[in-house]
1. Using the Cα atoms of segment 121-190 to build a convex hull, what is its mean projected area in square nanometres?
2. For segment 280-334, treating each Cα as an identical point scatterer without solvent, what Debye log10 I(q)/I(0) comes out at q = 0.17, 0.30 1/Å?
3. Please give the per residue accessible area of segment 17-144, computed with a probe of 1.4 Å over protein heavy atoms only, in Å².
4. What's the Cα-based Rg to Rh of segment 1-121, Rh via Kirkwood?
5. What value in Å³ per residue do you get for the convex hull of the alpha-carbon atoms in the chain?
6. Can you give me the long-range amide H partners of Cys393? Hydrogens built in the peptide plane at 1.01 Å from N, cutoff under 5 Å, separation of 5 or more residues or another chain.
7. So, R0 is 45 Å and r is the distance between the beta-carbons of Glu161 and Lys241; what FRET efficiency does that work out to, to 0.05?
8. May I ask you to evaluate 6.51 cos²θ - 1.76 cosθ + 1.60, the Karplus curve with θ = phi - 60°, for each residue of segment 166-173 and list the ³J(HN,Hα) values in order in whole Hz, giving x for glycine and proline?
Amino acid sequence: MNFPRILKKRKGYIDRIKPFMQKSVIKVLTGQRRVGKSFLLYQLIEEILAEEPDANIIYVNLEDFTFSSQQTAEDLHPYIISHSKEKVKNYIFIDEIQDIPGFEKVIRSLLLNEDNDIYITGSNAKMLSGELATYLSGRYIEFKIYSLSYSEFLEFHGLTESETSYELYSRYGGLPYLLNLPLEDETVNEYLKSVYSTIVFRDVVSRYKLRNTLFLEKLIQFLSENIGNLFSAKNISDYLKSQHTTISVNQIQSYTEYLNNAFLIHRVERYDLIGKRVFEIGEKYYFENMGIRNIVIGYRITDKAKILENLVYNHLLYKGYDIKVGYYGDKEIDFIGEKNGEKLYIQVALKIDSDKTAEREFGNLLKIQDNYPKIVVTEDTFSGNSYEGIRHCPIRQFLME
């Protein structure tokens with residue numbers, strides 16, 4: 001098997017996965033299509049071959065026509081067994097496994113042999129539900145793969161950190177394949193449109209057998225317009241009625257769930273900091289990739305605040321935080337990030353250009369009576385003293401941390 005030449009490595013992910021390599025635990029890489037899951041598999045294979053040149057590598061890419069005969073669990077299992085060797089480590093890599101009905105049974109069976117070191121990828125957030133989660137609890141570990149971070153984007157494209165670089169990142173997003181294209185609207189937008197179509201029609205319409213594709217596209221447009229806005233399925237239903245499109249609240253909930261499962265968007269729950277509970281109604285949505293969001297609705301100067309907030313959210317995800325929108329009484333905290341038992345509070349504002357704005361953005365954080373870090377992120381380049389102990393961080397600096 002010939003693998004593509006790897007131009008740039010995503011060392012952060014490799015370092016996270018390495019401690020689990022050659023262990024009897026399934027390594028599951030999940031994320032939106034084209035965020036680089038396949039290339040991470042190639043990098044892991046390179047790591048193995050560097051230490052063990054004669055390693056028995058079994059690689060199946062279920063998007064490659066070469067493996068078109070692998071349609072079911074009954075096809076896949078004997079193929080892997082026939083390429084396995086006895087009394088040696090078998091390194092098994094299966095790319096985009098979610099489209100194989102009953103793939104969980106194959107993985108369970110392969111795991112019975114302790115000589116099998118298993119790696120799988122998938123583009124559906126629900127692929128770990130069902131049997132894989134039920135019967136293999138504690139036997140797999142999930143690595144969520146995201147678009148390039150800002151620092152990765154700079155490294156991939158050989159750019160220095162600057163206002164121009166930041167604008168390119170916020171305009172085109174961080175899909176790794178952009179490394180092969182000139183960063184200009186005509187070329188990049190054509191590529192992003194093709195990725196968007198693949199996600200929508202393959203991972204949503206086809207997977208869930210949807211008929212109302214017109215509504216689905218209207219819903220994606222609505223979400224693109226309303227990044228960072230609080231709403232519920234009923235809000236969306238009421239809005240669509242005003243646009244002469246009638247659809248039930250239940251259908252809206254289902255469609256947003258499908259988009260979330262395909263990693264096109266991320267759903268963020270609200271958390272009551274006083275009552276220590278998650279609100280049942282009302283959430284926010286953010287896009288996995290800003291380039292894809294921008295080709296849906298356009299890259300507009302009036303959307304700068306929305307793009308800024310989405311970029312902050314994406315960076316927190318990349319850094320491994322579990323994120324919620326916070327409420328302290330009637331005051332909103334844009335993001336509460338939790339990781340390893342620690343918290344981080346983030347407020348996002350386009351600019352701090354008046355005392356009133358400063359009091360609002362910093363004041364919301366001042367109400368929280370704990371000692372976890374609190375940061376206000378803006379597009380302002382000023383990075384002087386803190387405001388009553390709360391740090392201000394310019395967005396470009398924040399994305400490089």
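The values are calculated or read from the model by the stated rules, or taken from the named source; none is laboratory data. Quick caveat: nothing in here was measured; it's all calculated off a predicted structure. Quick reminder, even Gly has a Cβ in these numbers, built from the backbone with ideal geometry, and neighbours come from all protein chains shown. SASA here: full protein model, heavy atoms, side chains in, ligands and nucleic acids out. Shrake-Rupley method; radii C 1.70, N 1.55, O 1.52, S 1.80 Å.
1. 6.4 nm²
2. Rounded to two decimals, the profile gives -0.65, -1.25.
3. 45 Å²
4. 0.93
5. 165 Å³
6. Val376, Val377, Thr378
7. Details: r = 46 Å, r/R0 = 1.02.
For Glu161 and Lys241, the calculated efficiency is 0.45.
8. Listing the rounded values in order: 4, 5, 4, 5, 6, 7, 9, x Hz.
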